[in-house]
1. Hey, what does the equivalent ellipsoid look like for the chain, semi-axes from the Cα gyration tensor as sqrt of 5 times each eigenvalue, largest first, whole Å?
2. Sticking with the crude label model, points 7 Å out along Cα→Cβ, report the distance from Thr4 to Asp337 in nm, one decimal please.
3. If you build a Gaussian network model of the chain, linking Cα atoms that sit under 10 Å apart, which residue out of Val383, Val80, Val251 swings the most?
4. Would the stretch 153-249 count as rounded, prolate or oblate if I go by the C-alpha gyration tensor, calling it rounded below 1.5 in a/c and otherwise prolate when a/b exceeds b/c, oblate otherwise?
5. In the stretch 63-117, how does Rg compare with the Kirkwood Rh, expressed as the Rg/Rh ratio over alpha carbon atoms?
6. Subtract the Cα-Cα distance of Asn283 and Thr418 from 0.36 nm times their separation in residues, and report this length gain in nm to one decimal.
7. Determine the distance separating the Cα centre of the stretch 380-403 from the Cα centre of the stretch 221-247; give it in Å without decimals.
8. Using a ≥ b ≥ c from the Cα gyration tensor of the stretch 38-79 (square roots of the eigenvalues), is it rounded, prolate or oblate, where a/c under 1.5 gives rounded and otherwise the larger of a/b and b/c decides, a/b for prolate?
Amino acid sequence: MGDTIRALKGMNDLFEDELATWRHVEEQARQTFLAFGFGEIRTPVLEELALFVRSVGEGTDIVEKEMYAFSDTDKKQTKVCLRPENTAGVVRALIQAGKLPADAEARVFYLGPMFRRERPQKGRYRQFHQLGAEAFGLTAPSVDVEMMAMLHAFGQRLGLSGVRLVINSLGDPADRARYLEALVAYLTPHQDRLSEDSRRRLAKNPLRILDAKDEGDRAIVQDAPRPLDFLGDEARAHFDEVRRGLELLGVPYDVDPSLVRGLDYYTRTVFELLADTGLGAQNAVAAGGRYDHLVEELGGRSTPGIGFAAGIERIVLLLDQAGATTRPDVFLIAADDGGRDQVLQLAMALRERGLGVEIDHRGRSVKAQMKRADKSGARFAMVVGQREIEAAAADLKNLQDGSVRSLALEAGVIEQATHTS
Ligand code: HAM
């Protein structure tokens, strides 16, 4: 035997006991998105590297340190990468398909794997999965409100507790430019005391210093100017309306003036859904914001946009996973060789009727099969052998309360009984 090969660091295999919860989360997401008028989009996992350099931003951690990038084997040796997020890919796809003409409106949602070469820890992986939604062509603050209300509704559907929505506004590009100037002016005299990371960011991406984790940086940043103090009249009015709308719909939120986000494309509203406990340092369950200039920056017509993405792994970690495994409805037990064919056929007939059915394939004894039935968590068990076939009847045992009912050996009758007993 050769050496065993293991999955790459930060990349997870997923098995049924977890995937039952995953499917539930994905299903609730689809239903929520469809109810808000979003249609699905699927785009490639591999894209041109330039797409993310131009959108997420050259000076961001994602592009600078976390990309899975390589040269394609074509003549041009095109630089390609595994997508680290999906907003840029969605925008590219919509532009390419001509779905963003002047005054167009579009609403799309997606689910799928993303890749970032981060240091893995609980809730942070190198291949992770997002569910997300993007709305294009609308500038009204009520769209921001609906987007966050949708995220809130999704959390409610899942019974997600201990999470809170935080919001902020980064203003329009001109506001942001004025703000950055003020921020750099404030930080420069302190630069010798900043962490190495933040010192580097001062030149490249000063906004990110606002959410630095380093204690010393945090102390300095505490008195730094905030984006909210630099909003122009329009961005200010927009933010006020967003707040009013959230209150109108009863969506609870806090304003966090230091919320900035790690991607460059945002303008005006930004938001995050944070978990108070259960995720450790990786406490953002979902995040998003408005990006009114991204479509244009990627070569499309000027079209505003807003969206968010949630990390499925983080949601699953937060959900109570007890009892999430799939259990068969019925475990069919073959009493003898005569029963085996019957069990095989009956299992098929019951499955066609939508029941989950398990059978034994190892010729185990009735006793051993009954043990397996108990272990499987099945609601019912039925023993079928020559005797039952001749009588055209068998006992359906309720494994939860031990009660037994004699039934005709017919799929329709058995199915009925699983609903009523
Ligand atoms: P993001 O904040 O980079 O935003 O990621 C969104 C969510 O993806 C995070 O809140 C987190 O739940 C999850 N996530 C990110 N990185 C990891 C990781 N390494 N392991 C596990 N989960 C992770 C975006 O990606 C934007 N595209 C969101 C957006 C959509 N903005 C507008 N539209």
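The values are calculated or read from the model by the stated rules, or taken from the named source; none is laboratory data. This one's a predicted model, so the numbers in the text were calculated from it and none came from an experiment. All Cβ positions, even for glycine, are placed from backbone atoms using ideal geometry, and neighbour counts span all protein chains on display. Calculation scope for accessible area: heavy atoms of the full protein, side chains included, ligands and nucleic acids excluded. Shrake-Rupley method; radii C 1.70, N 1.55, O 1.52, S 1.80 Å.
1. Details: eigenvalues 557, 111, 93 Å².
After scaling each eigenvalue by five and taking roots: 53, 24, 22 Å.
2. Here the modelled spin labels are 3.9 nm apart.
3. Val383
4. Oblate is the answer for the stretch 153-249, as a/c is 1.5 or above yet b/c matches or exceeds a/b.
5. Answer for the stretch 63-117: 1.07.
6. Working it through step by step, the gained length comes to 44.4 nm.
7. 68
8. oblate
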